[in-house]
1. So which lysines pass the test for Lys305, namely a Cα distance under 16 Å, with those fewer than 8 places away in the same chain ruled out?
2. Please sort 317-327, 421-431 by packing, taking for each peptide the average over its residues of neighbouring beta carbons within 10 angstrom, highest first.
3. Residue by residue through segment 370-381, what is 3J(HN,Hα) from phi via Karplus (6.51 cos²θ - 1.76 cosθ + 1.60, θ = phi - 60°)? Round to whole Hz and write x for glycine and proline.
4. Let me know the shape class of segment 423-467, please: from the alpha-carbon gyration tensor, a ≥ b ≥ c as square roots of the eigenvalues, rounded when a/c is under 1.5, otherwise prolate if a/b is greater than b/c, or oblate.
5. Sort 247-254, 258-265 by the packing proxy (mean of other Cβ within 10 Å over each peptide's residues), most packed first.
6. Report the antiparallel proportion of the DSSP beta bridges in the chain as a percent, rounded to a multiple of 5.
7. Leaving out same-chain residues fewer than 8 places away, which lysines sit with a Cα under 29 Å from that of Lys88?
8. Below 8 Å, C-alpha to C-alpha, sequence gap of six or more: please give me the relative contact order for the chain in percent.
Amino acid sequence: MNNDIIDVRKTYDYLRKSQTHLVQSSEIATACVCQNLFKLDYPYGAIRSDKDYLVANTVHDIMSLCVSGPILENWHSGLENYEQLGEKIVNESSNIVNIIIKDTLDGANRENRFVPDDFEIQVNDIFHGLVLGMTRRLMKKYEKPSRALTEVTITNIKNHHEGRIDAILEYPNGYGLLDWKSYDLSNTISGREKWQLIANTLLANFRYKRNEDDWTEHNFSCIVHNGGVYFPKTETMTKEVERIKTNRQFAHMVLCGQRVRVQRPKFCPVCDKGLEGSKECLFYQRDARLAYEGKLPAQYDKMTKQFFAKRYAILKERAETHLHKHVASVLINKHGEEEALRRLEKIGVLCRGYSYDFDVDERVVFSRADDNIPLEPRRIVRVIGAEPGKSLLSCISEQASVMEVKNSKITLGFRSKIAVRRAKKQLFHLPIFFLRDELNLTRSMLRPIHQFHKLAADVFIPRELLL
Ligand code: SF4
């Protein structure tokens, strides 16, 4: 067998035995709030909210198309009347807003999801608030950017970190990072929101400087919310970076199945005040205490051990969803980008040379000169637009699945029509790469185990011990 292929296979074999976990910025922010809270998600699988984020997601979709459209086109700094400019942008965005609302409602009806009666009003109000916040605070302060990118996924393999940034504004001398929140944060910015913003800023540093600690191109980071814009002070950013790195490492070690001591938050409503806090946290704290005191019934003890074995097996699968990205990164470090891509292409993990043909709803057809396409239907791929000067895993991308491969044509199914529209704006004009990827189903797999665990406690633990 060819040496290049053996090299890639060996890298796969080696990485399969090691842990290829990545921690998401939102998970780092949770661990920064309380490390116990992070553990409730992983490995316990106690999902904290069943909330349907239909309104918030729709607003995110609208912003993802409007930023590089009406917002960028109308960007003016140093104006007197920002209210008027805001209204102009809202009017010029109405077509995008209406199409996205319609697409979302169609999708929600197909999936039988709950839609609030005032859905359209809520979406329009929040969008209006975000646009006014941007014109009043951002445009007033900053010049028009040369380019805007939205929904940018960045993977930093070396630091085990991944995140999706709502929007990046590019300037000739650096970048500005934006995070949308669909609620009003005028009175309180919680730690979680701040930490997620700073964690994402580390990723943006990595995208522009290939080093998360190089802040030379960072112009600003901010949260645009329904009542204005929040800019953390530079000292706050610098101070919180160490905390973010500590918690990122903690989360990574937990995911890798290592025993790490949890640091309680400075203030916990349950532990410090006896007020109502997380019931799931109390449940697992009690479980741990009873186990430590040797009071767990033998059968329940045996079951919990099985639950944990299963949980860590699921987490191992989560690590495998990031395997292809790790292999790409290791090979790039070893051979340089061009040579690594050539080797990955040879084994069929990466495909390039495609161009966009046309799209119908969520489906997009690409073609290339030959008909040697090494992808089968149902494969998941990361569609990457190769931006000059950016590392492969920080280039603009979208996830899609292979629907059909016929001669020199391949049809991909994107997550939504909006994802297709976004990709048409910012990705399809670039050289296109398809990198093999996987779906991450960890949360939905962990959840039933958490429910069984609680059910088993109800059945096997004597009432008096449950108090
Ligand atoms: S109840 Fe306290 S210790 Fe438990 S997850 Fe919440 S903040 Fe953390």
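1. Excluding near neighbours in sequence, the set is Lys295, Lys454.
2. Values: 317-327: 20.4, 421-431: 17.7.
The most tightly packed comes first, giving 317-327, 421-431.
3. 10, 10, 9, 9, x, 10, 10, x, 6, 5, 9, 9
4. prolate
5. Ranking the peptides 247-254, 258-265 by packing returns 247-254, 258-265.
6. Details: 48 of 56 bridges.
Here the antiparallel bridges make up roughly 85 percent for the chain.
7. Cross-link targets: Lys102, Lys140, Lys141, Lys144, Lys181, Lys417, Lys424, Lys425.
8. On the way: 726 pairs, mean separation 91.5, N = 467.
Relative CO of the chain lands at 20 percent.
Quick note: the coordinates plus some simple rules give every number you see, no bench work behind them. None of the values given here were measured: they were computed from a predicted structure. Note that each Cβ is placed from the backbone with ideal geometry, even for glycine, and that neighbours are counted across all protein chains shown.
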